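Here is the structure we will look at, set down as structure tokens.
The values are calculated or read from the model by the stated rules, or taken from the named source; none is laboratory data. Computed from a prediction, not measured in an experiment: that's the story for all the values here. Using ideal geometry, Cβ is built from the backbone for each residue, glycine included, and neighbour counts are taken over all protein chains shown.
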Amino acid sequence: MAKCHSQAGVAQKMKKNNLLTISELTKLTDANIYSLRYYERIGVLKPAFVDSNTGYRYYSFEQIFHVKLILFCIELDIPLKELVHFTDNENTIDYLEILSYGKKIAESKLQKIQKGLDFIRNAEQQIIKSNEPHLQQSIYSRKLVKKYLHVIPYDKPFGGLNQFEEVAKAFLNFEYSDDEDYDEFSEFGLLYEYSQSRIQRYIFVELSKPKRASNVKIIPKGEYLCKLSEEIQIENSAQIFNDYLNNFTSFIAIETPFYAGKFEIDKPISELRVYGSKATN
């Protein structure tokens, strides 16, 4: 019996000599001991060998890549418990499937980052414009892309310092996520449509992707005349842009918050935009 125990001990020692201790694995992967134990506890990193006498954990050289893959998933905000779906009962993991899954998530994050950069660039342009003193008094033009707006009819004239807060509250029930129609970069504000003396008013939030529905208005791309103001001026669009709008039978006006580099909190700046169109035969 003693001989059997001796042989088992030798076998364990030989096996341990070919593996990495938990301390060695931390040095090679930058994952700390507590994290490695947590990965084991949730079933995404099982030790290659556990010493039955001491309880010490040992890992194979190949598991260095496995740990780095786990850290990669953490970086991409992939829940670690999802890694269990890529392993089987024999502690075999499908790396290619995980990498493919990670690639989709990374691409999605890149798209969001790019959208964030576009938002930053646009905000920078707005701030630069707002710092030009003459813009507070003058009308200027801006080229804008086609926009899809989710609209809610508004049955009274626009105005008041809290108008934009009212719009924001109206859309609070919409949750923003990658899979929804809105996100944190969506523009919101007031929409005014004038056609043959008929006026329609809406509050809106911009859709992050094209959509056609009864509650969606498509705003054409083109050159818009704009004016900055510390007051809601959308009801006065026809007077403010009189020289320009006299040439058109109908027009749309949009007013949104305008974020300047420095402004008084109780005196936010808004941008009023108009776009005219002629009747078609």
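One table, with the values for the structure above:
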read-out	value
Selection count where residues are among the polar types (S, T, N, Q), modelled with pLDDT of 60 or more and surrounded by 15 or more Cβ atoms within 10 Å (Cβ to Cβ), scope region 126-141	1
Condition check for residue 246: in contact with a His (Cβ under 8 Å, 6 or more places away or on another chain), surrounded by fewer than 15 Cβ atoms within 10 Å (Cβ to Cβ), in the same structural domain as residue 273 (by TED's automatic domain parsing) and not aliphatic (A, V, I, L, M)	no
Residue check, residue 28 in contact with a helix residue (DSSP H, G or I) (Cβ under 8 Å, 6 or more places away or on another chain), part of a helix (DSSP H, G or I) and among the hydrophobic types (A, V, I, L, M, F, W, C)	yes
Any strands (runs of 3 or more DSSP E) falling wholly within region 215-258 and containing at least 2 residues that are among the β-branched types (Val, Ile, Thr)	216-219, 250-258
Qualifying positions in region 220-241 - in contact with an Asp or Glu (Cβ under 9 Å, 6 or more places away or on another chain) and of a type outside the set (Lys, Arg)	226, 228, 229, 230, 232, 233, 234, 237
Checking residue 265 against (1) modelled with pLDDT under 85; (2) touching a Phe, Trp or Tyr at 6+ places or on another chain (Cβ under 9 Å); (3) surrounded by fewer than 17 Cβ atoms within 10 Å (Cβ to Cβ), the condition it does not meet	(2)
Among (1) at positive phi; (2) assigned to a helix (DSSP H, G or I) - the single one residue 55 does not satisfy	(2)
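Condition check ((1) closer than 21 Å to residue 218 by Cα; (2) touching a Cys at 6+ places or on another chain (Cβ under 8 Å); (3) modelled with pLDDT of 80 or more) across all residues:
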| position | (1), (2), (3) |
| --- | --- |
| 107 | no, no, yes |
| 121 | no, no, yes |
| 143 | yes, no, yes |
| 182 | yes, no, no |
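Quick grid of which residues meet (1) surrounded by 10 or more Cβ atoms within 10 Å (Cβ to Cβ); (2) modelled with pLDDT of 55 or more:
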residue: 3; (1), (2): no, no
residue: 13; (1), (2): yes, yes
residue: 16; (1), (2): yes, yes
residue: 22; (1), (2): yes, yes
residue: 25; (1), (2): yes, yes
residue: 31; (1), (2): yes, yes
residue: 35; (1), (2): yes, yes
residue: 38; (1), (2): yes, yes
residue: 41; (1), (2): no, yes
